[in-house]
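Here the structure is laid out as structure tokens; the discussion comes afterwards.
Please treat every number below as a calculation from the coordinates, not as lab data. All of these numbers come straight from a predicted model, not from anything done at the bench. Here the Cβ is made from the backbone with ideal geometry for all residues, glycine too, and neighbour counts use every protein chain on show.
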Amino acid sequence: MKSELIVDVQPQEIAIALTEDDRLQEVAREKRNQDNFAVGNIYYGRVKKVMPALNAVFVDVGYNKEAFLHYLDLGSQFRTLQSFVTKAVSDRRRAPVIQKTQRQPEVGKEGHIADLLKVGDPILVQVTKEPINTKGPRLTAEISIAGRNIVLIPFADGVMVSQKIKREAERQRLKQLMLSIKPQGFGIIVRTVAEEKRVAELDNELRLLLERWDETVKTLQQREPVSLVSEEMGRTLGIIRDVLSPDFTSIQINDQEIYNEVRHYLELIAPESAKIVKLYQGQQPVFDHFDITRQMKTGLGRTVGFKHGGYLIIDKTEALFSIDVNSGSKKIYEDQEENAFQFNMLAADELVHQLRLRDIGGIIIVDFIDMDTKEHQQKLYDYVRELMERDRAKHNVLPLSKFGLMQITRQRVRPAVEVEVMETCPTCMGKGKIQPSILFTDQIEDECEHMFGHYGRGLRLHLHPYVYAYAERGWFRSLKWKWRFKYGITLVENQSLGMLQMRFFDANGNELKHDHLPEQPKEVKLTQDKPAEQPAPQPKQQPQPQQQPQPAKPAQPQKPAQPQKPAQPQKPAEPEKQPKQAEPGKPKKAKKSKAEQPAKAEQPAKAEQQETPAEQPKKKAARRKAKAAPKEAPVEPAEKSKAETKAPATVKRHARKKKSTDAAQPASTPENNGEN
């Protein structure tokens, strides 16, 4: 039989799968960087409640619910353990030695826990059953440190050998061997795998376990009550420790750190098996590569099929698991009795496989197809017992009752494995309506463009195998190569994804979240709208002082810009004082300086309208001269206006001469020359 162990390491959890002859047999999951209160963890707790009616206490070990400790789980050396812990905590400079610890009277099997513990007492305990459903952990005060071949028990004496080692000579050899090498004050349990092991191998493992105990005592001296003192090795190493055998051909791990840890552990306990550890570096997920994902989807649902159309229906309740056997619509034999027997035999094989795969514990009730003959019932019972012998968990199988029910009890130390095989549609999120699936490739390309713009090249896009096959169609003209050359993205098929689901990963295997990418174009629109709102009021404010003096000149849109060309904004300030003297005179002074036109531009405009029909050729000639010398036209009136300001305004006898000269001077300008 070929056995393989596949380890899938993810940022949040580690998943372990055990296969035998390429068939999935066990699945285990462990969360990373989190106290799981796993079996074997040692805690320094405090008593919270004493329950005389239950003859038990509830201990606070840091879980959200108190852990349960029964009187029978205290152990015979509980008083000695409490004395040792008190001495270790009181003197933190020196660690006590078990050999020098005075033995206290043993605790009998009949007694009251209230005589030994009270509320608030500190206590050293170990987890024997993980939290399940609404219950907290189950504890024991008999501390033990497990290895691959032996188990070390402090404060105990003697050596015990596994009952599965049948040969009496081998049992005696192992017992005498361990008695000769074990230190005083420790007990030893020899496990089944220690059969035919040499002295050197067992002695090396014993030293490793003694070192772990010394580290536990040193940690205890530094901790306060309600804290973790010693953590059991991870589930990966635990499974390797318990199930490693010569049948193992490979251990596949997709993480360098866990790979180094497993390899180092095997070099200590089984140096000849270190070579089977392999680092998986493929682009495809390791569970997909070894067909683990598909077997989990088909084997961990509520309905599980087996050969010839039969199937099992597995339901979980608070008290037990119920399993119903159904034959389906097909028949193997025409005889009903023989047909029921054959289907029950096939169902028994799948039943035992499911108990181990899901790690179902507690009470299991199996409703087989009714059979009338006692011979068939006995054969089915014997076959189930034979299959259950391969199970490492403690179990008990009872014969079929008169109702055709089989009762099975199986040791339960942790919650049963639950994998959600039904998928929620990632596109419609359960609404039942989605966009046309033919547009999914366009959506993928849009996301590739977004990812390429934010993360660059070298990304990996995980797709469902069907979508991956569609993208691969067409060889060099396929979408796969198109996206490879355009965006530098490598496609990877992933069986764990939904049909219209995709995920992006970088070169290091970290998933890239692209939910925030579509929000960035919206921010760009907002930034584009804001400058459009700000310049809108500016053109309204600037032309307001210029539009008021020019309502009578719609035919000359370029003339308002001429006052800006001389770049003389202060010149209009001087003639503003003179218009009061010129008001009784003629208004043609405004044409000398165009900056003085705001108040007197209407009368010249009317004069121009009267003379324009008769003297159009002269105006054309004046315009040509104005274009030839655009700068001289505004300068002459400005200079003459300055000269006019120098004339003494107080001399009244020269007023007529001044008016006559003012009337004669506009004729010398280019515009008046054109009118004459």
Enumerate the residues in region 242-276 having an amide nitrogen under 12 Å from the point lying 7 Å beyond the Cα of Glu211 toward its Cβ.
265, 268-269
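Ranked highest first by average number of other Cβ atoms within 10 Å, how do 179-187, 166-174 line up?
179-187, 166-174
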Set the Förster radius R0 to 56 Å, insert the Cβ-Cβ distance between Ser227 and Lys166 as r into 1/(1 + (r/R0)^6), and round the FRET efficiency to 0.05.
0.80
I'd like to compare 198-209, 100-111: which one has the highest average count of other Cβ atoms within 10 Å, and what's the full order after that?
198-209, 100-111
Estimated distance in nm for a label pair at Glu338 and Gln176, the labels positioned 7 Å out from Cα along Cα-to-Cβ:
5.8 nm
Between Lys278 and Gln12, Cβ-based FRET efficiency (R0 25 Å, step 0.05) works out to 0.55
At a temperature of 25 °C and a viscosity of 0.890 mPa s, determine how fast region 1-55 diffuses translationally according to Stokes-Einstein, using the Kirkwood radius over alpha-carbon pairs as Rh; express D in µm²/s, rounded to the nearest whole number.
167 µm²/s
